[in-house]
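Engineer: Structure provided below as structure tokens; questions to follow.
The values are calculated or read from the model by the stated rules, or taken from the named source; none is laboratory data. These figures come from a predicted structure and were not determined experimentally. Here Cβ is always computed from backbone atoms with ideal geometry, including for glycine, and neighbour counts include all displayed protein chains. When the accessible area is computed, the model is the full protein with side chains, heavy atoms only, and any ligands, DNA or RNA have been set aside. Shrake-Rupley method; radii C 1.70, N 1.55, O 1.52, S 1.80 Å.
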Amino acid sequence: MAEHRTVPELMEENDVVDLLIRQHALIRDMFDEVEKASGTERGEAFQRLVRMLAVHETAEEEIVHPYARRKLEGGDAVVDDRLAEEHEAKKLLMEMDKAGPEDSRFMTNLAVLRASVLAHARSEERYEFTQLRARTSETERRAMAAGLKAAEAMAPTHPHPGVESATKNLLIGTPVAMMDRVRDAIRNAMGKDG
């Protein structure tokens, strides 16, 4: 996989909506990789997917959703619906992570997770991103994209040379633990207290 595809700070998109849509496409590709892999490769592909989902969703929650709440018509309802969808996917992700890719239900659960995550992405694109593009300036969207890239760069989906130990510490453990550490890293970088 080409590095620019999985390292957010190297993605070319400078509009937050374009960037998030590109990441949704990447997540779809990563589901394909997990489905096609076997043995230890399936476990590694699944961990890459889990990390991408953890980083992507947490960055959305911390940077995009608060903006959407303020800027969109009915923003609270739009964001609350997206958070409810995410909650269901996170529960299944936790179960799958705990059971591991050798579990007899893994492929069935992967199909359910894929359907849930992709339906959530379509809802974001339709209900949140369309309004976000219409109700924000190019400058605002560029600033959000820069913030998203910076936040995601703190928790890359694979180790960069020289930061393997920090990355490993950040991205080890359950999906929820990863999300918590990504959230903390984003809030620290943005100067927010938990």
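Engineer: Suppose R0 equals 30 Å. What FRET efficiency, 1/(1 + (r/R0)^6) with r the Cβ-Cβ distance, do Glu12 and Ala134 give to the nearest 0.05?
Structural biologist: E(calc), rounded to 0.05, equals 0.85.
Engineer: Let me ask something additional. Tell me the carbon and sulfur percent of the accessible area for region 29-115, rounded to whole percent, probe radius 1.4 Å.
Structural biologist: That fraction is 49 percent.
Engineer: Ok, one more. Please compute the length gained on full extension between Ser123 and Ala37, using 0.36 nm multiplied by the number of residues separating them and subtracting their Cα-Cα distance.
Structural biologist: On the way: separation 86, 0.36 × 86 = 30.96 nm, distance 2.83 nm.
Between Ser123 and Ala37, full extension yields an extra 28.1 nm.
Engineer: Taking every pair of alpha-carbon atoms in region 62-145, give the share separated by more than 14 Å as a whole percent.
Structural biologist: Tail fraction, whole percent: 67.
Engineer: Using the Karplus curve 6.51 cos²θ - 1.76 cosθ + 1.60 with θ = phi - 60°, work out ³J(HN,Hα) for each residue of region 112-128 in order, rounded to whole Hz, and write x for Gly and Pro.
Structural biologist: Rounded to whole hertz, the list is 5, 4, 4, 4, 5, 5, 6, 5, 4, 4, 4, 5, 4, 4, 7, 9, 9.
Engineer: Please quote Rg/Rh for region 15-130 to two decimal places, taking the Kirkwood radius as Rh and restricting both calculations to Cα atoms.
Structural biologist: Answer for region 15-130: 1.00.
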